[in-house]
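Since the structure comes first, as structure tokens, the remarks are kept for the end.
The values are calculated or read from the model by the stated rules, or taken from the named source; none is laboratory data. Source: prediction; values computed, not measured. A quick note on method: Cβ atoms are made from the backbone with ideal geometry, for glycine too, and the neighbour counts reach across all protein chains shown.
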Amino acid sequence: MKHDSLNVLLDRLQVELALDEDQRNQLRAGSQAPWWLSALLGLAAWFSASFFIVAFLGPWLLLIEGPVGRGLAGLLLLLAALWLFRRGQSFAHQIALALSLTGQGLLIFVLAEHLQLELDNLRAPAVLSMLLAGILLWLPSSFLHRHVCALVVLASAAVLVGSGTGLALYCLLLAACACALWLGRVRWATHPQAGRIRAIADAATLLSLCLAATMHHQLLEPLLDLQKLAAARWTSAVYQVGMGLLLLTVVAWLLRNMKRAAYWSGLGATVVLVILAHPAPGLVLTLALGLAVFQASNRSWMALLPAFAAFYLFILYYSLHISLLHKSLVMVVSGLVLLVGGLLLPRLWRVQP
């Protein structure tokens, strides 16, 4: 196949299948290496990186002591990682990832030591971590490194937000951004920055799912403290209502081309499900993200989200703030709503010409 014809075919596949730039490059390079070979290469690269880091940091820190020496060492590790990322090889990318994480960790440690921060004051290290990871995210690197940097940026922002209502709103914002990015994947799949957008979408999805579990724990703590009970109720209301509105928005967007009867019947079934599942906002979040990633045809998240759904069902079943009878009724009725909706609604759903 000629070079021009191959590029035309890859462009068409990228548009039709909503592929990002990394997937397009994998198609151009040919079939992917077996998973076991990739795992062995990654393991060998991390062993090599660990030996190199120990051999480099030991003499360096002996020659140049103090925060200046550690800071220069971290900066040199970051520069070495950026140079290795330009090699375009899987082995070099794994080594570069290890060097990058070590360099970022050293710089953050130097800042925390210089400011003599305690464990409960993480705002300054979080700011530095967010800035470093944000800069590295937009520099040339590998697929995995972009994802790690995006996750560090979003997690650092969560540290800055703190807990309580602010964390609940931040979790909702991350979930809304993740759903919006996955639902609009066709539009940004061919963008020059598609790889970085994909990393942000994956990081927002993972972090919102993890923060949902954190929020559940934070909402249960004040139940034994009457002074914090009012604030906990406000946070709980914001969190539960926000997750319900997110699911309704996703369903409304997916049904936007349906006929009127199908559209309103689908929204009505979603409202009933949101009302029934309000004690488990994490489960509602998982359902909203599941619909979004299914629309985006992301097989990785479609395989992972059922595990998160099972986890939040486990949390609901063993929660102590509602009775066992209430929990059982919620799960049984919700299952019946989904079953009846799955059997009856498809008969009404016909896409408008």
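Things to note:
- Subset of segment 118-127 (residues that are surrounded by fewer than 17 Cβ atoms within 10 Å (Cβ to Cβ) and in a helix (DSSP H, G or I)): Arg123, Ala124, Val127
- Filtered by the rule that a residue be hydrophobic (A, V, I, L, M, F, W, C), more than 16 Å from Ala277 (Cα to Cα) and modelled with pLDDT under 90, segment 227-250 gives Leu229, Ala230, Ala231, Ala232, Trp234.
- Any hit, segment 161-168, residues being buried (at least 22 other Cβ atoms within 10 Å of the Cβ), of a type in the set (Gly, Ala, Ser) and out of contact with any Cys (no Cβ under 7 Å at 6 or more places or on another chain): yes
- Identity of the residue in segment 110-129, touching a Leu at 6+ places or on another chain (Cβ under 6 Å) and under 18 Å from Leu76 (Cβ atoms), that ends up modelled with the highest pLDDT: Leu128
- Every residue from segment 177-215 that is in contact with a helix residue (DSSP H, G or I) (Cβ under 6 Å, 6 or more places away or on another chain) and closer than 18 Å to Gln240 by Cβ: Cys179, Ser208, Leu209, Leu211, Ala212, Met215
- Within segment 239-266, tally of residues that are loosely packed, with under 15 Cβ neighbours inside 10 Å and either among the polar types (S, T, N, Q) or touching a helix residue (DSSP H, G or I) at 6+ places or on another chain (Cβ under 8 Å) (or both): 5
- Number of residues in segment 241-272 that are of a type in the set (D, E, K, R) and in a helix (DSSP H, G or I): the value is 1.
- Note on segment 294-348: residues that are over 14 Å from Leu273 (Cα atoms), assigned to a helix (DSSP H, G or I) and either polar (S, T, N, Q) or under 16 Å from the mean Cα position of the chain (by Cα) (or both) amount to 15.
- Verdict on Met302 being within 22 Å of Arg185 (Cβ to Cβ), surrounded by fewer than 19 Cβ atoms within 10 Å (Cβ to Cβ) and without any contact (Cβ under 8 Å) to a residue 60 or more places away in the chain: yes
- Residue satisfying all of: in segment 130-182; among the polar types (S, T, N, Q) and assigned to a helix (DSSP H, G or I); modelled with the lowest pLDDT among these: Thr165
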